[in-house]
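Bear in mind that the values in this text are calculations on the coordinates, not laboratory data. If you're wondering where the values come from, they're calculated on a predicted model, not measured in any experiment. Counting neighbours? That spans all protein chains shown, and the Cβs are built from the backbone with ideal geometry, glycine included.
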Amino acid sequence: MPDEKREYLTKEKYDALVEELKDLKTNKRKEVAESLDYARGLGDLSENAEYHEARENQANTEDRISKLEIILKNASVFEDRHGDHVMIGSTVTLEKAGCGTKKVFQIVGSEEADMAKGKISNRSPLGAAILGKNKHDSFKYTCPSGMMEYKIMDIK
């Protein structure tokens with residue numbers, strides 16, 4: 001089972017986050033500092049909207065830097081995985097019990113989850129329920145609309 005403190009990332013996502021962090025630390029911090037200097041030059045800080053906006057931008061930038069540093073510190077990079085049981089990186093084909101509707105999902109870390117692209121988090125109810133299961137296993141999990149039952153048709 002996955003470690004809850006770990007953030008599971010594909011190599012591509014890891015590289016993108018490293019690049020974003022680098023950009024924030026070099027370019028964005030400089031832009032924010034310049035905005036703050038400009039706003040300070042406008043006079044009375046208590047009623048200076050530009051200054052307050054620049055400070056908020058600075059806080060948001062530093063929050064994102066902090067979040068990225070934590071994610072990258074705790075990151076485990078995975079490759080697409082092929083095996084006989086579902087793990088992070090697996091692409092699974094599920095069939096909904098009772099109606100035969102099939103859906104394909106890739107199990108990814110929470111930072112990459114995107115339901116529109118068929119990428120579900122290992123921490124989501126479905127993602128957590130499916131981890132460790134084998135091809136042809138049936139399983140149930142609880143979602144906001146109630147109990148759901150699926151069968152694993154394929155694992156890639």
- Item | Proxy reagent accessibility, fewest Cβ within 10 Å first, across Ser90, Ser46 | Ser46, Ser90
- Message: Antiparallel versus total DSSP beta bridges in the chain: what percent is that, nearest 5?
- Response: 70
- Potential lengthening between His52 and Ile70 on full extension [0.36 nm per residue; Cα-Cα distance subtracted]: 3.8 nm
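Cα gyration tensor of the range 80-155, axes a ≥ b ≥ c as square roots of the eigenvalues: rounded (a/c below 1.5), prolate (a/b > b/c) or oblate? Could the numbers behind the result be given before it?
Values: a/c = 1.58, a/b = 1.15, b/c = 1.37.
Note, shape of the range 80-155 comes out oblate.
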- Query: Among Met147, Gly43, Pro125, which residue has its Cα positioned farthest towards the positive end of the charge dipole of the chain, with +1 placed on the Cβ of Lys and Arg, -1 on the Cβ of Asp and Glu, and the dipole taken about the Cα centre?
  - Reply: Met147
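Using a Förster distance of 25 angstrom, determine the FRET efficiency expected from the C-beta separation of Lys22 and Asp63, and round it to 0.05. Intermediate values should be presented prior to the final figure.
Working: r = 17 Å, r/R0 = 0.68.
Approximately 0.90, to the nearest 0.05.
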- At q = 0.09, 0.12, 0.14, 0.18 Å⁻¹, the log10 of I(q)/I(0) for the chain from a Debye sum over equal Cα scatterers comes to -0.45, -0.64, -0.75, -1.00
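With runs of 4+ DSSP H residues as the only contributors, calculate the mean residue ellipticity of the chain at 222 nm using -39,500 (n - 2.57) per run, divided by the residue total and rounded to the nearest 500.
-11500 deg cm²/dmol
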- Message: For a quick check, take a GNM of the chain with Cα springs below 10 Å and name the residue from His52, His85, His136 with the largest mean-square fluctuation.
- Response: His52
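Counting alpha carbon pairs within less than 8 Å and at least 6 residues apart, what relative contact order, in whole percent, applies to the chain? Don't skip to the end; give the middle numbers.
On the way: 241 pairs, mean separation 36.5, N = 156.
After rounding, I find 23 percent.
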